[in-house]
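Report on the following structure.
The values are calculated or read from the model by the stated rules, or taken from the named source; none is laboratory data. All of these numbers come straight from a predicted model, not from anything done at the bench. Every residue, glycine as well, gets a Cβ built from its backbone with ideal geometry; the counts of neighbours run over all protein chains shown. Note: areas computed on protein heavy atoms with side chains; ligands, DNA, RNA excluded. Shrake-Rupley method; radii C 1.70, N 1.55, O 1.52, S 1.80 Å.
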Amino acid sequence: MGRLEGKIALVTGASRGIGRASAKLFASEGAKVAVLSRTPAGVDAVVADIQAAGGTALAVPADAGNADQIKAAVDKVIAAYGGLDILVNNAFDATVAYSSILDLSTEQLQRNFDMGPTAYLHFMQAAYPHLKVSGTGRVINFGSMAGIIGLAGMGPYRHLCDCRWPESR
């Protein structure tokens, strides 16, 4: 029996990188996994990989930067699987990470906030009632060391990730 047998997980940003690896690992440990990303082809590829390995997965194409799509995504998972035990917030729009601060528009920066911290908040709010009902609900929020240490050329990303209050530095 896998460590996550009988659990239901929603993984955001799951079409590539850490999100993809997390979704596949959770499925290999027995969880039913909802695979969420903006790119339907990427979502379908991860679902196919999970199913080919004998796991259970649901495709959930959605834009994590859109609160209505977040609510609809969580509702889709609940309708399909009947609950939710694990929320993995991993989605992030990296298009601004290596942008020049001098050329960065407020619209670009706002999109990154919408896809990052604001999306994490919206997902946690939408998932909370279901995580609470599960009795063992867990939230995993991914971040980056780029929010703590300075990396050349990543000024906008540093600003986005640095969520500590000034007095805690």
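Of everything in the range 107-117 that's open to solvent by 10 Å² or more (accessible area, probe 1.4 Å) and touching a helix residue (DSSP H, G or I) at 6+ places or on another chain (Cβ under 8 Å), which residue is nearest to residue 29 (Cα to Cα)? Step through it out loud before you land on a result.
To start, the set of residues in the range 107-117 that are open to solvent by 10 Å² or more (accessible area, probe 1.4 Å) comprises 107-111, 113-114, 117.
Adding the requirement that they be touching a helix residue (DSSP H, G or I) at 6+ places or on another chain (Cβ under 8 Å) leaves 108-109, 111, 113, 117.
On the way: 108: 38, 109: 37, 111: 34, 113: 32, 117: 28 Å.
It comes out as 117.
Of the residues in the range 93-106, none is modelled with pLDDT of 95 or more, in a loop (DSSP other than H, G, I, E, B) and open to solvent by less than 20 Å² (accessible area, probe 1.4 Å). I need every pair where a residue in the range 101-121 that is more than 17 Å from residue 68 (Cβ to Cβ) has its Cβ under 7 Å from the Cβ of a residue that is among the acidic types (Asp, Glu), sequence separation at least 6 or different chains. Qualifying pairs under 7 Å: 112/93.
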